[in-house]
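The values are calculated or read from the model by the stated rules, or taken from the named source; none is laboratory data. The shown structure was predicted, so the numbers you read here are calculated from the model rather than taken from an experiment. Note that each Cβ is placed from the backbone with ideal geometry, even for glycine, and that neighbours are counted across all protein chains shown. Remember, those area values only see protein heavy atoms, side chains included, never the ligands or the DNA or RNA. Shrake-Rupley method; radii C 1.70, N 1.55, O 1.52, S 1.80 Å.
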Amino acid sequence: MELTEVCVLGAGAAGLMAAAAAGARGRRVLVLDHAPEPGRKILISGGGRCNFTNLDGADPARFLSANGRFARSALARYRPADFVALVRRHAIPFHEKTLGQLFCDRSARDIVAMLLAECAAAGARVRCGVRVTALDHADGHFRIGTDRG
């Protein structure tokens with residue numbers, strides 16, 4: 001049994017970013033995904049080149065939420081420019097297409113590798129090919145069962 005403070009279910013873009021952020025804050029993080037490799041949807045996005053952010057249009061009014069302030073707060077705290085800076089730190093070449101869409105020059109695999117490197121640097125463990133079979137909550141704790149124990 002692995003004890004962890006934060007367990008992220010899903011090794012997609014949001015899950016890997018959440019795991020890296022939690023790990024950077026000193027939490028013990030575990031990411032679980034049923035897919036055989038992380039970032040599967042990232043790899044097929046943008047024709048394999050990954051439209052990793054948009055410079056225009058990341059406006060809170062374009063997001064639907066029961067809490068309208070959430071999108072405004074989240075987008076103010078982490079802007080497209082912040083993600084672009086992360087991409088630049090990892091020396092990933094990219095280009096802009098119409099309407100401020102940014103794509104990798106080489107491959108979406110660059111973005112997946114960057115997110116995995118951020119997780120590793122933050123100490124977040126990523127386990128793929130693990131199917132969640134149970135999720136229980138009691139006494140303020142969660143217990144996650146998987147097909148691997």
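Checking the structure you have, find out if any residue of segment 93-108 is within 25 Å of Arg25 (Cβ to Cβ) and of a type in the set (A, V, I, L, M, F, W, C).
Looking through segment 93-108, none of the residues is within 25 Å of Arg25 (Cβ to Cβ) and of a type in the set (A, V, I, L, M, F, W, C).
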field: Residue match in segment 35-44 (condition: open to solvent by 40 Å² or more (accessible area, probe 1.4 Å), without any contact (Cβ under 8 Å) to a residue 12 or more places away in the chain, over 30 Å from His141 (Cα atoms) and of a type in the set (A, V, I, L, M, F, W, C))
entry: no
message: Go through (1) in a loop (DSSP other than H, G, I, E, B); (2) under 12 Å from the mean Cα position of the chain (by Cα) for Ala35 and report which single condition fails.
response: (2)
- request: Determine which member of the set Leu99, Leu3 is modelled with pLDDT under 90, more than 19 Å from Val112 (Cα to Cα) and either in a helix (DSSP H, G or I) or in contact with a Ser or Thr (Cβ under 8 Å, 6 or more places away or on another chain) (or both).
  value: Leu99
- prompt: Out of all the residues in segment 85-107, is one or more open to solvent by 30 Å² or more (accessible area, probe 1.4 Å), polar (S, T, N, Q), in contact with a strand residue (DSSP E or B) (Cβ under 7 Å, 6 or more places away or on another chain) and closer than 22 Å to Ala122 by Cα?
  reply: no
query: Before we move on, is Gly123 loosely packed, with under 14 Cβ neighbours inside 10 Å, touching a residue at least 24 places away in the same chain (Cβ under 8 Å) and part of a loop (DSSP other than H, G, I, E, B)?
result: no
message: Any residue in segment 74-102 that is closer than 10 Å to Asn54 by Cα and charged (D, E, K, R) sitting within a Cβ distance under 9 Å of a residue that is open to solvent by 40 Å² or more (accessible area, probe 1.4 Å) and assigned to a strand (DSSP E or B)? List the pairs, counting only those 6 or more apart or interchain.
response: Lys97/Asn51
- line: Exactly one of Asp82, Asp56 is closer than 27 Å to Arg106 by Cα and part of a helix (DSSP H, G or I), and that one is Asp82
message: So the check is Cβ under 6 Å with 6+ separation or different chains; which pairs have a first residue in segment 46-58 that's within 15 Å of Met114 (Cα to Cα) and a second one that's assigned to a strand (DSSP E or B) and open to solvent by 40 Å² or more (accessible area, probe 1.4 Å)?
response: Asn51/Gln101
